[in-house]
Amino acid sequence: MLYFLSKKTVIPMKPQEEKDNAGEETNHPIVPANEDKISDDTNIDVANALILEHEKKSTHWYDHVRYFFHRLFSIMDDTATHAEIKERILSCAKFTGTNMVIMGCAIIIASIGLNTNSIAVIIGAMLISPLMNRILMMAYGTASADIHIFRKGTAGFILQVLISIIVSCLYFLASPIKEPTEQILARTNPTWYDVLIAIFGGIAGIIGQTRKGEYNNVIPGVAIATAIMPPLCVVGYALANSRWVMLGQAFYLFFINFYFIYFASVVVLNILAVPKVKEMTVKSWRKEKFRMARNTIIALIPLIIITTMMIIHHGDNNTGEEAIEASSEALASLGLM
(Lines give C-alpha, C1' and ligand atoms only; values in the text may rest on other atoms or scores of the structure.)
Protein backbone atom coordinates (compact mmCIF):
# COMPACT_ATOMS: atom_id res chain seq x y z
CA MET A 1 0.00 0.00 0.00
CA LEU A 2 2.89 2.36 0.77
CA TYR A 3 3.94 1.92 -2.87
CA PHE A 4 0.75 3.62 -4.04
CA LEU A 5 0.99 6.25 -1.28
CA SER A 6 4.53 7.21 -2.20
CA LYS A 7 4.71 6.80 -5.94
CA LYS A 8 4.64 10.03 -7.91
CA THR A 9 3.71 10.15 -11.57
CA VAL A 10 7.02 10.69 -13.31
CA ILE A 11 6.74 11.57 -16.97
CA PRO A 12 9.99 10.86 -18.84
CA MET A 13 10.65 13.49 -21.48
CA LYS A 14 13.46 13.67 -23.97
CA PRO A 15 15.32 17.00 -24.16
CA GLN A 16 14.46 19.55 -26.83
CA GLU A 17 15.88 18.82 -30.23
CA GLU A 18 19.14 20.57 -30.94
CA LYS A 19 19.38 22.79 -33.94
CA ASP A 20 19.89 20.88 -37.17
CA ASN A 21 22.84 21.20 -39.48
CA ALA A 22 21.16 24.00 -41.43
CA GLY A 23 20.93 26.13 -38.28
CA GLU A 24 17.15 25.79 -37.96
CA GLU A 25 15.33 24.23 -35.03
CA THR A 26 13.40 21.08 -35.75
CA ASN A 27 9.68 21.42 -35.16
CA HIS A 28 7.93 18.23 -34.07
CA PRO A 29 4.47 17.78 -32.58
CA ILE A 30 4.14 17.21 -28.85
CA VAL A 31 3.94 13.48 -28.21
CA PRO A 32 5.14 11.09 -25.49
CA ALA A 33 8.92 10.82 -25.08
CA ASN A 34 9.06 7.26 -26.31
CA GLU A 35 7.51 8.36 -29.63
CA ASP A 36 9.05 11.74 -30.37
CA LYS A 37 10.55 14.83 -28.75
CA ILE A 38 9.10 17.88 -27.02
CA SER A 39 9.71 21.08 -28.98
CA ASP A 40 8.97 23.66 -26.29
CA ASP A 41 9.11 23.61 -22.47
CA THR A 42 5.86 25.57 -22.31
CA ASN A 43 4.03 22.55 -23.68
CA ILE A 44 5.08 20.12 -20.93
CA ASP A 45 1.62 20.12 -19.37
CA VAL A 46 0.09 19.15 -22.68
CA ALA A 47 2.68 16.42 -23.10
CA ASN A 48 1.94 15.09 -19.63
CA ALA A 49 -1.74 14.93 -20.47
CA LEU A 50 -0.99 13.03 -23.67
CA ILE A 51 1.20 10.55 -21.83
CA LEU A 52 -1.46 9.98 -19.18
CA GLU A 53 -3.94 9.36 -21.97
CA HIS A 54 -1.47 6.96 -23.52
CA GLU A 55 -1.17 5.11 -20.20
CA LYS A 56 -4.93 4.85 -19.93
CA LYS A 57 -5.05 3.27 -23.42
CA SER A 58 -2.45 0.66 -22.53
CA THR A 59 -3.37 -2.83 -23.74
CA HIS A 60 -2.12 -4.52 -20.55
CA TRP A 61 -4.78 -5.06 -17.88
CA TYR A 62 -2.28 -4.75 -15.04
CA ASP A 63 -1.38 -1.24 -16.25
CA HIS A 64 -5.02 -0.25 -15.83
CA VAL A 65 -5.07 -1.76 -12.32
CA ARG A 66 -1.82 -0.04 -11.33
CA TYR A 67 -2.99 3.30 -12.66
CA PHE A 68 -6.34 2.96 -10.86
CA PHE A 69 -4.80 2.18 -7.46
CA HIS A 70 -2.12 4.81 -7.89
CA ARG A 71 -4.76 7.49 -8.41
CA LEU A 72 -6.97 6.03 -5.67
CA PHE A 73 -4.37 5.95 -2.89
CA SER A 74 -2.04 8.77 -3.89
CA ILE A 75 -1.39 11.23 -1.04
CA MET A 76 0.60 13.65 -3.18
CA ASP A 77 -2.18 15.47 -5.02
CA ASP A 78 -3.51 17.59 -2.14
CA THR A 79 -0.37 17.79 0.00
CA ALA A 80 0.36 21.17 1.56
CA THR A 81 3.70 22.86 0.94
CA HIS A 82 6.63 21.86 3.13
CA ALA A 83 6.61 25.28 4.78
CA GLU A 84 2.90 24.92 5.62
CA ILE A 85 3.43 21.42 7.02
CA LYS A 86 6.25 22.57 9.28
CA GLU A 87 4.39 25.65 10.49
CA ARG A 88 1.20 23.68 11.19
CA ILE A 89 2.88 20.89 13.15
CA LEU A 90 5.05 23.22 15.22
CA SER A 91 2.29 25.72 15.94
CA CYS A 92 -0.09 23.01 17.16
CA ALA A 93 2.60 21.64 19.50
CA LYS A 94 3.46 24.94 21.19
CA PHE A 95 3.96 24.61 24.94
CA THR A 96 1.63 27.39 26.05
CA GLY A 97 -0.51 28.09 29.08
CA THR A 98 -3.62 27.36 27.04
CA ASN A 99 -2.42 23.88 26.09
CA MET A 100 -1.44 23.16 29.68
CA VAL A 101 -4.86 24.18 31.00
CA ILE A 102 -6.59 22.06 28.33
CA MET A 103 -4.35 19.11 29.18
CA GLY A 104 -5.13 19.48 32.90
CA CYS A 105 -8.85 19.45 32.11
CA ALA A 106 -8.40 16.36 29.91
CA ILE A 107 -6.57 14.54 32.73
CA ILE A 108 -9.28 15.25 35.30
CA ILE A 109 -12.07 14.35 32.86
CA ALA A 110 -10.37 11.09 31.87
CA SER A 111 -9.73 10.18 35.52
CA ILE A 112 -13.37 10.80 36.42
CA GLY A 113 -14.52 8.72 33.45
CA LEU A 114 -12.25 5.83 34.44
CA ASN A 115 -13.28 6.10 38.09
CA THR A 116 -17.01 6.10 37.28
CA ASN A 117 -16.75 3.61 34.40
CA SER A 118 -18.15 6.13 31.90
CA ILE A 119 -17.09 5.56 28.29
CA ALA A 120 -18.63 8.84 27.09
CA VAL A 121 -16.63 10.90 29.60
CA ILE A 122 -13.39 9.11 28.63
CA ILE A 123 -14.04 9.83 24.94
CA GLY A 124 -14.57 13.49 25.78
CA ALA A 125 -11.19 13.60 27.50
CA MET A 126 -9.46 11.99 24.53
CA LEU A 127 -11.01 14.54 22.18
CA ILE A 128 -9.45 17.53 23.95
CA SER A 129 -6.12 15.97 24.91
CA PRO A 130 -3.15 17.82 23.29
CA LEU A 131 -0.64 14.96 23.66
CA MET A 132 -0.90 13.92 20.00
CA ASN A 133 0.57 17.21 18.76
CA ARG A 134 3.87 16.73 20.58
CA ILE A 135 4.25 13.24 19.10
CA LEU A 136 3.88 14.65 15.59
CA MET A 137 6.44 17.34 16.42
CA MET A 138 8.94 14.67 17.47
CA ALA A 139 8.23 12.76 14.26
CA TYR A 140 8.81 15.87 12.17
CA GLY A 141 12.12 16.51 13.94
CA THR A 142 13.24 12.96 13.15
CA ALA A 143 12.11 13.03 9.50
CA SER A 144 13.71 16.42 8.86
CA ALA A 145 16.92 15.49 10.75
CA ASP A 146 16.36 18.57 12.93
CA ILE A 147 17.73 17.59 16.34
CA HIS A 148 16.59 20.89 17.86
CA ILE A 149 12.92 20.27 17.00
CA PHE A 150 13.17 16.64 18.13
CA ARG A 151 14.71 17.51 21.49
CA LYS A 152 12.25 20.33 22.08
CA GLY A 153 9.32 18.03 21.25
CA THR A 154 10.69 15.23 23.43
CA ALA A 155 11.27 17.48 26.45
CA GLY A 156 7.76 18.94 26.21
CA PHE A 157 6.22 15.49 25.76
CA ILE A 158 8.01 14.06 28.81
CA LEU A 159 6.84 17.02 30.88
CA GLN A 160 3.25 16.50 29.71
CA VAL A 161 3.45 12.81 30.61
CA LEU A 162 4.78 13.54 34.10
CA ILE A 163 2.10 16.17 34.73
CA SER A 164 -0.59 13.75 33.55
CA ILE A 165 0.58 11.02 35.92
CA ILE A 166 0.93 13.38 38.91
CA VAL A 167 -2.48 15.04 38.44
CA SER A 168 -4.29 11.73 37.93
CA CYS A 169 -2.51 10.25 40.95
CA LEU A 170 -3.65 13.16 43.12
CA TYR A 171 -7.22 12.70 41.89
CA PHE A 172 -7.31 8.98 42.67
CA LEU A 173 -5.76 9.60 46.10
CA ALA A 174 -8.68 11.92 46.87
CA SER A 175 -11.35 9.74 45.24
CA PRO A 176 -13.43 7.53 47.56
CA ILE A 177 -13.74 4.87 44.83
CA LYS A 178 -10.69 2.65 45.16
CA GLU A 179 -11.73 -0.51 43.31
CA PRO A 180 -10.69 -0.72 39.64
CA THR A 181 -13.56 -0.36 37.20
CA GLU A 182 -14.01 -2.19 33.93
CA GLN A 183 -12.63 0.82 32.01
CA ILE A 184 -9.52 0.87 34.18
CA LEU A 185 -8.89 -2.84 33.67
CA ALA A 186 -9.39 -2.44 29.92
CA ARG A 187 -6.27 -0.21 29.84
CA THR A 188 -3.99 -2.80 31.45
CA ASN A 189 -3.73 -5.48 28.77
CA PRO A 190 -1.66 -4.44 25.72
CA THR A 191 -2.17 -6.60 22.63
CA TRP A 192 -1.10 -6.70 18.99
CA TYR A 193 -4.34 -4.95 18.13
CA ASP A 194 -3.08 -1.88 20.01
CA VAL A 195 0.05 -1.90 17.85
CA LEU A 196 -2.02 -1.99 14.65
CA ILE A 197 -4.37 0.74 15.89
CA ALA A 198 -1.41 2.97 16.76
CA ILE A 199 0.27 2.40 13.38
CA PHE A 200 -2.79 3.13 11.28
CA GLY A 201 -3.82 5.93 13.62
CA GLY A 202 -0.40 7.52 13.19
CA ILE A 203 -0.64 7.25 9.41
CA ALA A 204 -4.08 8.85 9.40
CA GLY A 205 -3.01 11.57 11.83
CA ILE A 206 0.05 12.76 9.94
CA ILE A 207 -1.71 12.57 6.56
CA GLY A 208 -4.49 14.75 7.99
CA GLN A 209 -1.97 17.30 9.24
CA THR A 210 -0.20 17.53 5.87
CA ARG A 211 -3.25 18.25 3.68
CA LYS A 212 -4.13 21.60 2.15
CA GLY A 213 -6.52 23.70 4.19
CA GLU A 214 -6.50 24.94 7.76
CA TYR A 215 -8.64 22.36 9.55
CA ASN A 216 -9.28 18.63 9.39
CA ASN A 217 -11.14 16.28 11.71
CA VAL A 218 -8.55 13.49 11.62
CA ILE A 219 -6.59 14.33 14.78
CA PRO A 220 -9.59 14.07 17.18
CA GLY A 221 -10.50 10.71 15.64
CA VAL A 222 -6.94 9.44 16.00
CA ALA A 223 -6.88 10.62 19.63
CA ILE A 224 -10.00 8.55 20.33
CA ALA A 225 -8.80 5.47 18.44
CA THR A 226 -5.31 5.33 19.94
CA ALA A 227 -6.34 6.41 23.49
CA ILE A 228 -3.10 8.02 24.64
CA MET A 229 -4.48 9.81 27.72
CA PRO A 230 -6.46 7.04 29.55
CA PRO A 231 -3.48 4.67 30.05
CA LEU A 232 -1.56 7.52 31.68
CA CYS A 233 -4.46 8.13 34.06
CA VAL A 234 -4.50 4.41 34.87
CA VAL A 235 -0.78 4.74 35.71
CA GLY A 236 -1.81 7.49 38.16
CA TYR A 237 -4.51 5.21 39.61
CA ALA A 238 -2.04 2.35 40.04
CA LEU A 239 0.48 4.66 41.66
CA ALA A 240 -2.12 6.02 44.09
CA ASN A 241 -3.26 2.52 45.08
CA SER A 242 0.14 0.77 45.02
CA ARG A 243 -0.81 -1.60 42.22
CA TRP A 244 2.61 -2.02 40.66
CA VAL A 245 1.82 -4.73 38.10
CA MET A 246 -1.09 -2.66 36.83
CA LEU A 247 1.20 0.36 36.62
CA GLY A 248 3.61 -1.53 34.37
CA GLN A 249 0.82 -2.85 32.16
CA ALA A 250 -0.84 0.55 31.70
CA PHE A 251 2.44 2.34 31.04
CA TYR A 252 3.47 -0.25 28.45
CA LEU A 253 0.13 0.23 26.66
CA PHE A 254 0.76 3.99 26.65
CA PHE A 255 4.29 3.41 25.33
CA ILE A 256 3.03 1.20 22.49
CA ASN A 257 0.48 3.82 21.46
CA PHE A 258 3.05 6.62 21.61
CA TYR A 259 5.89 4.84 19.84
CA PHE A 260 3.97 3.42 16.90
CA ILE A 261 2.14 6.70 16.25
CA TYR A 262 5.58 8.32 16.18
CA PHE A 263 7.04 5.56 13.99
CA ALA A 264 4.21 5.66 11.42
CA SER A 265 4.37 9.47 11.29
CA VAL A 266 8.11 9.40 10.56
CA VAL A 267 7.56 6.94 7.71
CA VAL A 268 4.83 9.06 6.09
CA LEU A 269 6.85 12.28 6.44
CA ASN A 270 9.77 10.57 4.72
CA ILE A 271 7.45 9.47 1.93
CA LEU A 272 6.36 13.09 1.55
CA ALA A 273 10.06 14.03 1.36
CA VAL A 274 10.05 16.79 3.96
CA PRO A 275 13.26 18.81 3.54
CA LYS A 276 16.12 17.94 5.88
CA VAL A 277 18.13 20.61 7.65
CA LYS A 278 21.35 18.83 6.75
CA GLU A 279 22.40 16.51 3.98
CA MET A 280 22.40 12.86 4.99
CA THR A 281 25.00 10.53 3.54
CA VAL A 282 24.14 6.98 2.56
CA LYS A 283 25.95 5.75 5.67
CA SER A 284 24.07 8.08 8.03
CA TRP A 285 20.75 7.20 6.37
CA ARG A 286 21.42 3.49 6.84
CA LYS A 287 22.35 4.14 10.46
CA GLU A 288 19.07 6.01 10.98
CA LYS A 289 17.02 3.17 9.48
CA PHE A 290 18.91 0.63 11.62
CA ARG A 291 18.20 2.69 14.74
CA MET A 292 14.47 2.84 13.95
CA ALA A 293 14.33 -0.91 13.30
CA ARG A 294 16.24 -1.66 16.52
CA ASN A 295 13.99 0.57 18.62
CA THR A 296 10.88 -1.02 17.09
CA ILE A 297 12.08 -4.52 17.95
CA ILE A 298 12.91 -3.44 21.51
CA ALA A 299 9.45 -1.89 21.90
CA LEU A 300 7.83 -5.16 20.81
CA ILE A 301 9.90 -7.54 22.95
CA PRO A 302 7.59 -7.44 26.04
CA LEU A 303 4.53 -7.97 23.84
CA ILE A 304 6.20 -10.92 22.09
CA ILE A 305 7.01 -12.48 25.48
CA ILE A 306 3.48 -11.89 26.76
CA THR A 307 1.93 -13.46 23.66
CA THR A 308 4.29 -16.46 23.74
CA MET A 309 3.63 -17.18 27.42
CA MET A 310 -0.13 -16.89 26.94
CA ILE A 311 -0.01 -19.43 24.10
CA ILE A 312 2.23 -21.83 26.04
CA HIS A 313 0.32 -21.75 29.32
CA HIS A 314 -3.26 -21.36 28.16
CA GLY A 315 -3.45 -22.49 24.55
CA ASP A 316 -5.76 -21.13 21.91
CA ASN A 317 -9.03 -21.95 23.73
CA ASN A 318 -8.61 -19.69 26.75
CA THR A 319 -11.44 -17.42 27.81
CA GLY A 320 -11.18 -13.63 28.01
CA GLU A 321 -10.66 -13.70 31.81
CA GLU A 322 -7.95 -16.34 31.50
CA ALA A 323 -6.24 -14.25 28.81
CA ILE A 324 -6.21 -11.21 31.09
CA GLU A 325 -4.84 -13.28 33.95
CA ALA A 326 -2.17 -14.78 31.69
CA SER A 327 -1.18 -11.32 30.50
CA SER A 328 -0.79 -10.11 34.08
CA GLU A 329 1.29 -13.15 35.02
CA ALA A 330 3.49 -12.69 31.96
CA LEU A 331 4.18 -9.03 32.69
CA ALA A 332 4.90 -9.77 36.32
CA SER A 333 7.36 -12.52 35.34
CA LEU A 334 9.36 -10.07 33.20
CA GLY A 335 10.62 -8.37 36.34
CA LEU A 336 9.90 -4.92 34.90
CA MET A 337 7.40 -3.88 37.61
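Of note:
- Matching entry among Leu269, Leu303, Leu253 (being closer than 30 Å to Gly208 by Cβ, over 16 Å from the mean Cα position of the chain (by Cα) and at pLDDT 85 or above): Leu303
- Checked against the criteria, Val161 does not count as closer than 17 Å to Ile228 by Cα, β-branched (Val, Ile, Thr) and over 23 Å from the mean Cα position of the chain (by Cα).
- Met280 vs. criteria out of contact with any Ser or Thr (no Cβ under 6 Å at 6 or more places or on another chain), among the hydrophobic types (A, V, I, L, M, F, W, C), modelled with pLDDT under 85 and not in a helix (DSSP H, G or I): yes
- Scanning the stretch 252-277 for residues that are in a loop (DSSP other than H, G, I, E, B) and not β-branched (Val, Ile, Thr), we see that the one that is nearest to Tyr193 (Cα to Cα) is Leu272.
- The one condition in (1) part of a helix (DSSP H, G or I); (2) in contact (Cβ under 8 Å) with a residue 24 or more places away in the chain; (3) surrounded by 20 or more Cβ atoms within 10 Å (Cβ to Cβ) that Thr188 fails to fulfil: (1)
- Restricting the first member to the stretch 92-117 and to residues that are at positive phi, and the second to residues that are among the aliphatic types (A, V, I, L, M), the beta-carbon pairs closer than 9 Å and six or more apart or on different chains are Asn117/Ile184.
- Some residue of the stretch 306-314 being at pLDDT below 80, assigned to a loop (DSSP other than H, G, I, E, B) and farther than 23 Å from Trp244 by Cβ: no
- Within the stretch 231-242, one or more residues are out of contact with any helix residue (DSSP H, G or I) (no Cβ under 6 Å at 6 or more places or on another chain) and either at pLDDT 65 or above or at negative phi (or both).
- Whichever residue in the stretch 260-289 is of a type in the set (Ser, Thr, Tyr) and surrounded by 20 or more Cβ atoms within 10 Å (Cβ to Cβ) and, among such residues, is nearest to Ser129 (Cα to Cα): Tyr262
The values are calculated or read from the model by the stated rules, or taken from the named source; none is laboratory data. Small disclaimer: the values here were computed from a predicted structure and weren't measured. Using ideal geometry, Cβ is built from the backbone for each residue, glycine included, and neighbour counts are taken over all protein chains shown.
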